[in-house]
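Notes follow once the structure below has been shown.
The values are calculated or read from the model by the stated rules, or taken from the named source; none is laboratory data. Note that the structure is predicted; figures quoted are calculated from it, not measured. Every residue, glycine among them, receives a Cβ derived from its backbone with ideal geometry; neighbour counts consider all protein chains shown. Ligands, DNA and RNA are excluded from the accessible area calculation, which covers all protein heavy atoms including side chains. Shrake-Rupley method; radii C 1.70, N 1.55, O 1.52, S 1.80 Å.
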Amino acid sequence: MLPQCVDQAESAFASADAVPSIITPSPAIRSYLRMFQCVAVYVVDGRVSVSVDPFTPKRAPIAGVWWVSNATAALAIKEACEAEEHSDVVSVAAGLRIGLTSNAIAISRAEAAIARMNVLVDQAKQAGLMRCLNGRYRQERMRARAEGRSFPAYATVHKRFVQSLLRIASGQTPNKGLV
């Protein structure tokens, strides 16, 4: 189950005249959207483009940004806009029956999930889970060293831990072990 990056019911079937204001998300929000493989369909200088992060590097002023749940849908919208020679992403997506999520709503949902993750991290610290993670990491690292195997750096394991918490905060159940 993907996070609510794309909401079919919210699909923006409004006219192209209703251009949303563009909010540049924080690096944490952009990382969250990339982690869940959300893809942006955006308009710059009247041309439709697709990117996992339309805000880096800085481009010409972005006229509109919408998010879809996969690259296939994003490319279909881009190709249809190019074939019809216009940049009305909203009407093209509606015609293709592809749900769009506005940039502001995607950012809002990501912020909410990150806030839930921060609560989970605090709860994990209070419950001693971080001590447990650290102890388990140390055991596994020493076992790997004794067996002559390599072992991931602590930063890698910690990143996996945080990503697992993000998935939990987004309603998913992680299926991989951390260590």
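Of the residues making up region 27-66, just one is closer than 16 Å to residue 103 by Cβ, at pLDDT 90 or above and open to solvent by 60 Å² or more (accessible area, probe 1.4 Å), namely 52.
Here is the figure for region 117-131: residues that are closer than 16 Å to residue 155 by Cα and open to solvent by less than 80 Å² (accessible area, probe 1.4 Å) total 2. Among the residues examined, residue 148 does not qualify as touching a Ser or Thr at 6+ places or on another chain (Cβ under 6 Å) and not in a helix (DSSP H, G or I). Against the list (1) among the hydrophobic types (A, V, I, L, M, F, W, C); (2) surrounded by 14 or more Cβ atoms within 10 Å (Cβ to Cβ); (3) assigned to a helix (DSSP H, G or I), the condition residue 155 fails is (2).
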